[in-house]
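> The structure is given below, and queries will be raised subsequently.
Just so it is clear, none of the values below were taken in a lab; they were calculated from the coordinates. In this text the structure is predicted, and so the values were computed from the model without any measurement. With ideal geometry, Cβ positions are generated from the backbone for all residues, glycine too; neighbour counts draw on all protein chains shown.
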Amino acid sequence: MTKDTLRRYKDIWEREETDRPVLHITVPKYHNTDEWDEIRPKSMEEEWEDVEARYRLFKYQIKHSRYFGEGFPTERVFLGSVCMSAMLGCDHQWMPYTTWFGVNDNIVKDWRDFDSITLDRESPLFVLVRELFEKFGKNLDGSYRMGMTDLGGNLDTFNAGFNRDRGYEKTARITGHTSTNQTSFYL
């Protein structure tokens with residue numbers, strides 16, 4: 001990241017007047033088919049859950065991308081826009097380019113039995129986020145920056161994990177999802 005880029009981001013965050021907005025543009029340069037065929041995910045589980053595969057794909061993206069304006073390579077350990085609901089006990093389902101939460105199982109099945117919810121540090125998604133941060137952080141070599149995962153908004157998490165019908169037969173069907181996944185860059 002250049003000093004000018006850093007200054008522009010700093011000015012925006014401090015609400016300083018600038019000559020233009022910050023532009024973060026990433027464009028694929030070219031696609032190496034042989035290399036891509038070798039490293040591309042072969043399953044949904046590999047695309048989303050394989051820490052080493054995600055790191056290889058990210059490094060491939062950096063190598064095969066151009067950055068314009070104030071753009072630079074970033075990794076934000078993305079698992080879906082409402083992954084917090086899975087860390088609280090809700091189920092999740094991997095899909096191409098998206099993750100759905102609260103599809104079959106909800107945290108609160110009956111509001112009359114509701115006591116409290118807590119963050120499950122042993123949940124598969126919490127563990128995966130930690131492992132991804134450890135991998136990307138340990139290999140942080142100046143070629144990219146890291147940001148935090150998208151935990152999702154409170155209402156999205158609420159809708160994905162809770163029965164909206166006060167304990168009756170229906171379960172929550174409003175689910176959180178995302179439209180992009182870092183590893184789906186060339187899929």
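> How would 98, 2 line up from fewest to most surrounding beta-carbon atoms within 10 angstrom?
2, 98
> Please give the charge dipole size of segment 1-140, origin at the Cα centre, charges +1 on K and R Cβ atoms and -1 on D and E Cβ atoms. Round to the nearest 20 debye.
660 debye
> Could you check the simple spin-label distance between residue 121 and residue 67, using points 7 Å along Cα→Cβ, in nm with one decimal?
Simple spin-label model gives 3.3 nm for this pair.
> Can you figure out the FRET efficiency of residue 31 with residue 134, using R₀ = 35 Å and their beta-carbon distance, to the nearest 0.05?
Between residue 31 and residue 134 the formula returns 0.75.
> Filter the trypsin sites (Lys or Arg not before Pro) in segment 17-74 to those in DSSP coil with at most 13 other Cβ atoms within 10 Å of their Cβ, and list the result.
Sites meeting the loop and neighbour criteria: 29, 42.
> Sorting 127, 77, 27 on the 10 Å Cβ count, fewest up front, what's the list?
Fewest to most other Cβ atoms nearby, the residues stand as 27, 127, 77.
> Tell me, 17, 35, 47 in order of fewest to most beta-carbon neighbours within 10 Å?
Going from sparsest to densest Cβ surroundings: 17, 35, 47.
> Continuing with the same structure: I want to check the label-to-label distance for residue 5 and residue 110. Put each point 7 Å from Cα in the C-beta direction and report it in nm to one decimal.
It is 5.6 nm.
> Taking R0 as 25 Å, what FRET efficiency do you get between residue 93 and residue 23 from their Cβ-Cβ distance, rounded to the nearest 0.05?
Efficiency at R0 = 25 Å is approximately 0.10.
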